[in-house]
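One structure is given below, represented as structure tokens, and several questions about it will come after.
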Amino acid sequence: MSESAPARVFLVVVDETPEHRIAVRYAARRAAHTGGRLAMLYVIEPTELQHFLAIEELARAERREAAEELLQGLCEEIAPIAGAMPIVFIREGRRRDELLALINEEPTISVLVLAAGTGAEGPGPLVSFLAGKAAARLRIPIALVPGGLTLDQVDALS
């Protein structure tokens, strides 16, 4: 990589699903092996409590705190693998809208890494959405990692 070329940024969406850890591990190893950086996005989605403003504010603060704790733990765990402290984004809104907005706003993001869900309901709403018409709106490739891989299998692939 030349001195003037920006580092490739591998973006992972972090949530409460078990498979997000597979995507984070894969992206961290790819970033380390290519001289890139790992970025993680956590989106705090709105609740149905919006007509009770005080309750919604409290719930939002609790969700933000939980997001920060989750991301801090992931950063501490994955930074040695990624070779640097990950870039962290926390946003509020609909996950898919915030993801698309972030990709459009941050020109250094060069690859989106997602893990497919392993449950009977399918690969997950974000994977399903991005595999459809939304894929045409992306300016970057998507790396889709099977969510059922073990960490050893992820390490062998990346």
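The values are calculated or read from the model by the stated rules, or taken from the named source; none is laboratory data. Just so it is clear, the structure is predicted and the values come from calculations on it, not from any experiment. Neighbour counts are summed over all protein chains in view; Cβ atoms, including those assigned to glycine, are modelled from backbone coordinates with ideal geometry.
If you scan segment 107-139, which residues turn out to be under 14 Å from the mean Cα position of the chain (by Cα) and either at pLDDT 95 or above or of a type in the set (A, V, I, L, M) (or both)?
Within segment 107-139, 109, 110, 111, 112, 113, 114, 115, 116, 126, 127, 130 meet the criteria.
Evaluate the following for residue 59: is it surrounded by fewer than 18 Cβ atoms within 10 Å (Cβ to Cβ) and either over 24 Å from residue 10 (Cα atoms) or hydroxyl-bearing (Ser, Thr, Tyr) (or both)? Before you say what the answer is, go through the steps one by one.
Numbers: surrounded by fewer than 18 Cβ atoms within 10 Å (Cβ to Cβ): yes; either over 24 Å from residue 10 (Cα atoms) or hydroxyl-bearing (Ser, Thr, Tyr) (or both): yes.
Taking the combined requirement at face value, the residue satisfies it.
Related question: What residue, among those in segment 11-26 that are assigned to a loop (DSSP other than H, G, I, E, B) and touching a residue at least 60 places away in the same chain (Cβ under 8 Å), is surrounded by the most Cβ atoms within 10 Å (Cβ to Cβ)?
It comes out as 19.
Step by step: first the residues of segment 15-31, then only those that are over 14 Å from residue 127 (Cβ atoms) and modelled with pLDDT under 95, then the one that is nearest to the chain's Cα centre (by Cα). Which residue is that?
Taking the candidates together, the pick is 21.
Quickly run through segment 27-49 and pick out the residues that are surrounded by fewer than 24 Cβ atoms within 10 Å (Cβ to Cβ), in contact (Cβ under 8 Å) with a residue 24 or more places away in the chain and outside any strand (DSSP E or B).
Matches in segment 27-49: 29, 30, 32, 33, 34, 35, 36, 45, 46.
Consider segment 113-139. How many of its residues are among the polar types (S, T, N, Q) and either under 18 Å from residue 101 (Cβ atoms) or in contact (Cβ under 8 Å) with a residue 12 or more places away in the chain (or both)?
Residues meeting the conditions: 1.
Pairs only if they're at least six apart or on different chains, beta carbon under 6 angstrom, first in segment 140-158 and at positive phi and without any contact (Cβ under 8 Å) to a residue 24 or more places away in the chain, second part of a strand (DSSP E or B) and small (Gly, Ala, Ser); list them, first residue then second.
none
Does residue 148 satisfy the condition of being in contact with a Gly (Cβ under 7 Å, 6 or more places away or on another chain), of a type in the set (Gly, Ala, Ser) and over 17 Å from residue 31 (Cβ atoms)?
No; evaluated as a whole, the condition is false for this residue.
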